[in-house]
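**Q** Here it is, the structure in full.
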């Protein structure tokens, strides 16, 4: 038997997907045409949005020969029960250690 998984989780990384795409919707739930994105207990919440930013904003990957526009491809997702603990989220635009910019999330533990 695999070990029990925790109910709360934080999932971070380079997902190579954009907000609003089908993969993003699979992680955080679909957008309702009236109420917007409604968090469900069994879905993740984008910490970027929980931190007060707009879903379609933010750039973590710049234009390149392969991609003709800037993207937000890097995420920190939190289980829905942790979403209220996110105080702020930001992208470190000055970091130069990768072709992606890091996403920072401040949470109340």
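All of the numbers you see were taken from the coordinates with simple rules; none came from a lab. From a predicted model like this one, the values you see are computed outputs, not experimental measurements. Here the Cβ is made from the backbone with ideal geometry for all residues, glycine too, and neighbour counts use every protein chain on show.
**Q** Want the number for residue 18 to residue 56: 0.36 nm per residue separation, take away the alpha-carbon distance, what's left?
**A** Result for the pair: 12.8 nm of gain on full extension.
**Q** Now for a different question. Suppose only helical runs count, i.e. DSSP H with n ≥ 4. What mean residue ellipticity at 222 nm does that imply for the chain under -39500 (n - 2.57) per run, divided by all residues and rounded to the nearest 500 deg cm²/dmol?
**A** So the helix-based figure for the chain works out to -2000 deg cm²/dmol.
**Q** Between segment 1-74 and segment 83-109, how many Å separate their Cα centres?
**A** 14 Å
**Q** Shifting gears a bit: For 38, 103, what ranking results if the residue with the fewest other Cβ atoms within 10 Å of its Cβ goes first?
**A** 38, 103
**Q** What percent of all Cα-Cα pairs in the chain falls in each 5 Å bin, counting up from 0?
**A** For the chain, the binned pair fractions read 2, 12, 21, 23, 19, 12, 7, 3, 1, 0 percent.
**Q** Same structure again: Using a simple spin-label model with points 7 Å from Cα along the Cα→Cβ vector, what separation in nm is obtained for residue 85 and residue 109?
**A** Label-label distance for residue 85 and residue 109, simple model: 0.9 nm.
**Q** Another one. With an 8 Å cut-off on Cα pairs and a minimum separation of 6 or more residues, tell me the relative contact order of the chain in percent.
**A** 28 percent
**Q** Put a dot 7 Å past each Cα toward the Cβ at residue 8 and residue 27; how far apart are the dots in nm?
**A** Once both label points are built, they end up 2.0 nm from each other.
**Q** Determine, for 27, 82, the number of other Cβ atoms within 10 Å of each Cβ, and report the residues in order from fewest to most.
**A** Listed from fewest to most nearby Cβ atoms, that is 27, 82.
**Q** Same structure, new question: Hey, fewest Cβ within 10 Å first, where do 59, 91 land in order?
**A** Fewest to most other Cβ atoms nearby, the residues stand as 59, 91.
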